[in-house]
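Note sheet for the following structure.
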Amino acid sequence: MDESLYTILVVDSGLERRVAFKSLFSDCYQVVLAENGEQALHMLESELLFDLVILGENMSVVSNFDVLKSVHHACRYKDTPVLMIANSVDVDDEVRALKLGVADYIHRPFDPVVLRLRVKNTLKQAELLKQLITLADTDYLTGLNNRRSFATMFDRVWRRSARTNSRVSLAILDIDFFKRFNDRYGHAEGDKALKKVSEVLREHFRRATDFVARYGGEEFVILCTDIEAKELDHQLAKTVQAIEALQLPHESSNVSKWLTVSVGVAVVNAADGVTEKLFKHADRSLYAAKSSGRNCVLRHSEALEGGVVDELP
């Protein structure tokens, strides 16, 4: 545990107490100070990323409980621990804080050595939890997100897009004739191929709003927001080309002497649609891509009825 890599946000209205906190922790951690709840919320919404939040005395309209709720409601901070330090023993406040998910509730006066150990132990526990979550959400073979993490992310993205009346794009990518590939070259080579395909996907979809996962077997999903249709079409076409350019031999394929993929993509306005519609359209597009010769991308056209699809150039 490299303590110098951790950044702590300390919120306290007293200048002397903030200086004391800085002195207590700055030899081990990166310490950022906020003098009230409003400033704390601003910092939490900035580009900075905090590993721990310490809430001391906060004499502002935005209370410590408001900050605590904001931390746990923010996607990127949902697993970030919060310590609350109280000036007096108030059982009701302590119960409320614990119900809201505070990691530790400390009463003044406290011993500085004990507080440092509490902070160290809290960060260590948070790191272990993060590692467990990563293991649970990661596909063991490819290192991509797995189906479980995709389901969580999809729900989060869909709800946010519905609130903002924005569009969600879903692409389903399937390796062409992969069963034949495994039968001919063996599962060890099949695993290598899956890893290679995953590397291409990781390289081509690196935006913060891109989410790539192995959905199962030889099938992958790409979830995108805040992207123009033409840009997504271009990225997917480049991805298909890049996978064939790997030149992984596939002599049992009816498409190419190299391993190839087919992609179906659909776009739905989250405020107007339902999740099943997006998956159904992407699935139908993938089926059409396979029926039309594979090694291509097909996009569902919402302007046409009956599941008609448009082939991308």
**Relative contact order %, the chain, counting alpha carbon pairs below 8 Å whose residues are six or more apart** = 13
**Fill in**
Among Thr164, Ala151, Phe177, the residue whose Cα sits farthest towards the positive end of the charge dipole of segment 117-179 (+1 at Cβ of Lys and Arg, -1 at Cβ of Asp and Glu, taken about the Cα centre) is Thr164
**Message:** Less than 18 Å apart at the alpha-carbon level, and either on another chain or at least 8 residues along: which aspartates and glutamates does that give for Lys22?
**Reply:** Glu3, Asp12, Glu35, Asp51, Glu57, Asp111
**Request:** Extending each Cα 7 Å along its Cβ direction at Met153 and Cys28, get the distance between those two points in nm, one decimal.
**Result:** 3.4
**Message:** From the phi angles alone, apply the Karplus equation (6.51, -1.76, 1.60; θ = phi - 60°) to segment 191-197 and give each ³J(HN,Hα) in whole Hz, x where the residue is Gly or Pro.
**Reply:** 4, 4, 5, 4, 5, 5, 4
**Request:** Enumerate by residue number the trypsin sites (Lys or Arg not before Pro) in segment 181-219 meeting two conditions: DSSP loop (anything except H, G, I, E, B), and at most 13 other Cβ atoms within 10 Å of the site's Cβ.
**Result:** Arg206, Arg207
**Message:** Starting from the 7 Å offset along Cα-to-Cβ, what nm value, one decimal, do you get for the label separation of Ala242 and Thr275?
**Reply:** 2.8
**Request:** Please go through segment 218-261 and write out the trypsin sites (Lys or Arg not before Pro) that DSSP classes as loop and that have at most 13 other C-beta atoms within 10 Å.
**Result:** Lys257
**Message:** Below 8 Å, C-alpha to C-alpha, sequence gap of six or more: please give me the relative contact order for segment 147-311 in percent.
**Reply:** 28
**Request:** Calculate the translational D of the chain in whole µm² s⁻¹ from Stokes-Einstein, where the hydrodynamic radius comes from the Kirkwood formula applied to all Cα pairs, the temperature is 10 °C and the viscosity 1.306 mPa s.
**Result:** 71
**Förster radius 30 Å - calculated FRET efficiency between Asp191 and Asp283, Cβ distance, rounded to 0.05** = 0.75
**Prompt:** In whole angstrom, how far apart do the alpha carbon centroids of segment 67-138 and segment 244-265 sit?
**Reply:** 50
**Request:** Would you calculate the separation in nanometres between label points at Glu228 and Leu141, each defined as 7 Å from the Cα along the Cα-to-beta-carbon direction?
**Result:** 3.7
**Alpha-carbon Debye profile of segment 1-92, log10 I(q)/I(0) at 0.11, 0.15, 0.19, 0.24 Å⁻¹** = -0.29, -0.54, -0.87, -1.32
**Fill in**
Of all stretches in the chain that avoid chymotrypsin sites (Phe, Trp or Tyr not before Pro) placed in a DSSP loop and having at most 14 other Cβ atoms within 10 Å, the longest is 141-313
**Request:** Set the Förster distance to 51 Å, then compute FRET efficiency between Glu203 and Arg116 from the Cβ-Cβ distance, nearest 0.05.
**Result:** 0.75
**In Hz, Karplus ³J(HN,Hα) per residue of segment 99-112 (6.51, -1.76, 1.60; θ = phi - 60°; x = Gly, Pro)** = 5, 7, x, 5, 6, 7, 10, 10, 9, 7, x, 10, 7, x
**Prompt:** Which entries of Lys195/Lys230; Lys69/Lys130; Lys78/Lys130 show an alpha-carbon separation above 22 angstrom in the structure shown?
**Reply:** Lys195/Lys230
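Read-outs: derived from the displayed coordinates by stated rules, not from any lab. Owing to the predicted nature of the structure, the values given are computational and were not obtained by experimental measurement. Because the Cβ atoms are built from the backbone with ideal geometry, glycine has one as well, and the counts that use them run over all protein chains shown.
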